[in-house]
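Worksheet for the structure shown next.
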Amino acid sequence: WTQESTGAKLLKAQHPEMETYLLGKHASMLNCADCHMPIEQAEDGTVYHSHLLVSPLENETLLSTCVQCHGDTDMVEFVHRLQARVTDRETEVGNLLSMFNDALTEAVASGNYDEQTLNEIRKLYREAQWYFDFCYVENAEGAHNSDLAFYCLDTSVEKKVNTIFWV
């Protein structure tokens with residue numbers, strides 16, 4: 001889609017949970033059901049994973065899976081602390097991206113820049129926005145893959161730090 005105020009052709013990430021999980025350290029040993037679908041037993045004795053997705057932080061049975069690698073770590077506190085760091089960084093980067101948007105909007109409206117220059121800046125803005133959005137819309141707030149979350153947020157900043165001062 002094209003952002004009207006900047007003329008930038010932007011992308012929208014849609015639920016990148018699978019990608020963040022697959023690129024993380026847990027993918028080699030756990031699947032989605034292990035963390036989000038507790039094991040239940042039917043009246044006839046059949047054991048199965050529930051089809052209701054839940055947060056492992058709200059289910060003691062699912063949290064017990066974490067003990068295999070994390071030992072006696074308080075996983076609820078650990079994950080909440082990690083998510084707070086990611087969310088704080090998202091806010092910081094989102095504010096910078098908003099400033100970039102404002103500067104690009106002003107540059108477009110001013111008529112002082114040729115289309116080639118604007119397109120170079122739009123490209124950087126698109127990339128910065130994409131990396132930010134990929135992290136921002138991932139519903140685990142970094143719990144699926146905090147390394148990737150911080151990489152995306154840091155890359156977003158790198159894309160715009162060199163351009164924010166051109167106006």
Quiz item: If the Cβ limit is 6 Å and pairs must be 6+ apart or interchain, which residue in segment 147-167 that is at pLDDT 95 or above pairs with which residue that is open to solvent by 40 Å² or more (accessible area, probe 1.4 Å) and not in a helix (DSSP H, G or I)?
Solution: Leu148/Leu23
Quiz item: For Tyr125, all conditions in the list (1) open to solvent by 40 Å² or more (accessible area, probe 1.4 Å); (2) of a type in the set (Ser, Thr, Tyr); (3) in contact with a helix residue (DSSP H, G or I) (Cβ under 8 Å, 6 or more places away or on another chain) hold save one; what is the number of the exception?
Solution: (1)
Practice problem: Identify the residue in segment 20-53 that is more than 20 Å from Gln68 (Cβ to Cβ) and in contact (Cβ under 8 Å) with a residue 60 or more places away in the chain and, among all such residues, is surrounded by the most Cβ atoms within 10 Å (Cβ to Cβ). | Solution: Thr20
Exercise. Kindly indicate the residue of segment 54-89 that is in a helix (DSSP H, G or I) and of a type in the set (Val, Ile, Thr) and also least open to solvent (accessible area, probe 1.4 Å) among those meeting that condition.
Key: Val86
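The values are calculated or read from the model by the stated rules, or taken from the named source; none is laboratory data. In this text the structure is predicted, and so the values were computed from the model without any measurement. Neighbour counts are summed over all protein chains in view; Cβ atoms, including those assigned to glycine, are modelled from backbone coordinates with ideal geometry. Only protein heavy atoms, including side chains, enter the accessible area calculation; ligands, DNA and RNA are left aside. Shrake-Rupley method; radii C 1.70, N 1.55, O 1.52, S 1.80 Å.
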